[in-house]
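Contents: one structure, followed by commentary.
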Amino acid sequence: MIEASKNPFSPVEMWDDTMVTVNEGEEKKRVDAKHYRIRYLVGESEDKRFVDGGTDDITELSEKTLFLSPTVHRLTGDPFHYDHSRVESISGKSRITERTRELNRHAACDDHKTIEVIFESPGVECCAMSKEQADAMRIPLQYMAGYLLGKSEGMLKLALSKTVVDEDTEYYDNIHIIPESAVKQMSCLE
């Protein structure tokens, strides 16, 4: 693995309470679950609104919003990019403090479930460019953080989200299968 440029965007794990349908024998039943996702914090804003409460005073309401992207990529010599159409937002100070957790990168680790991987990805969509610029383009590096499902047959399996049922059972989605030969760097997230 080579030394790749450090991703300036912080990975954040967020979760929501949800209901899922599970099969128990021949019976289907709805159970409580938590849906977790790892995204990169690409921006935040503080919105202020003023509300007339029917008195002489106007009340100020403030709400924080985080903007999160599932992946980030970088072309050689260019700044970091992300797909603006895939950016999610989460609003409300209490929701942000209670349902998000910033993750820290660790270069050396063993057997971590949550990782960040940097790999060559020809499938990354990029910015508008001329035909000549596109022809001269190299394969960009993609930065992705998620839940490590395993490594086998030269492939790394990484899920960007998971749903946990009954504290024991986990279901993963948005799974990416990455050839280990394309991986440039990997770090653990805690």
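The values are calculated or read from the model by the stated rules, or taken from the named source; none is laboratory data. Note that the structure is a prediction, hence the values are computed from the model and not measured. Cβ placement follows ideal geometry from the backbone for every residue including glycine, while neighbour counts extend to all protein chains displayed.
Any chance the range 161-183 includes a residue that's closer than 30 Å to E46 by Cβ, surrounded by fewer than 17 Cβ atoms within 10 Å (Cβ to Cβ) and touching a residue at least 60 places away in the same chain (Cβ under 8 Å)? Yes, some residue in the range 161-183 is closer than 30 Å to E46 by Cβ, surrounded by fewer than 17 Cβ atoms within 10 Å (Cβ to Cβ) and touching a residue at least 60 places away in the same chain (Cβ under 8 Å). Scanning the range 102-141 for residues that are closer than 17 Å to A4 by Cβ and either of a type in the set (D, E, K, R) or exposed (fewer than 12 other Cβ atoms within 10 Å of the Cβ) (or both) gives R105, A107, A108, E116, E120, P122, R138. Within the range 19-53, track down each residue that is exposed (fewer than 11 other Cβ atoms within 10 Å of the Cβ), under 25 Å from I175 (Cβ atoms) and within 22 Å of the chain's Cα centre (by Cα). Within the range 19-53, M19 is the sole residue that qualifies.
Inspect the range 18-32 for any residue being among the basic types (K, R) and in contact with an Asp or Glu (Cβ under 9 Å, 6 or more places away or on another chain) and give the result as yes or no. Let's see the steps before the verdict.
Looking only at the range 18-32, we keep the residues that are among the basic types (K, R), and these are 28-30.
From what's left, in contact with an Asp or Glu (Cβ under 9 Å, 6 or more places away or on another chain): none.
No, every residue in the range 18-32 fails to be among the basic types (K, R) and in contact with an Asp or Glu (Cβ under 9 Å, 6 or more places away or on another chain).
Does M144 fit the bill of being among the hydrophobic types (A, V, I, L, M, F, W, C), in a strand (DSSP E or B) and touching a Ser or Thr at 6+ places or on another chain (Cβ under 6 Å)? Here the answer is yes, as M144 does meet what is asked.
You will find that of D173, D166, D135, the residue that is charged (D, E, K, R) and touching a Lys or Arg at 6+ places or on another chain (Cβ under 8 Å) is D173 and no other. Against the test of being aliphatic (A, V, I, L, M) and assigned to a loop (DSSP other than H, G, I, E, B), the options A33, A4 yield a single qualifying residue, A4. Only one of the listed residues (D173, D168) is touching a strand residue (DSSP E or B) at 6+ places or on another chain (Cβ under 7 Å), closer than 22 Å to Y36 by Cα and not hydroxyl-bearing (S, T, Y). That residue is D173.
When the criteria are applied in full, S62 meets the requirement of being at pLDDT below 85, of a type outside the set (D, E, K, R) and in a strand (DSSP E or B).
Can we say R105 is of a type in the set (K, R) and either under 17 Å from the mean Cα position of the chain (by Cα) or under 23 Å from V12 (Cβ atoms) (or both)? When the stated conditions are applied, R105 passes them.
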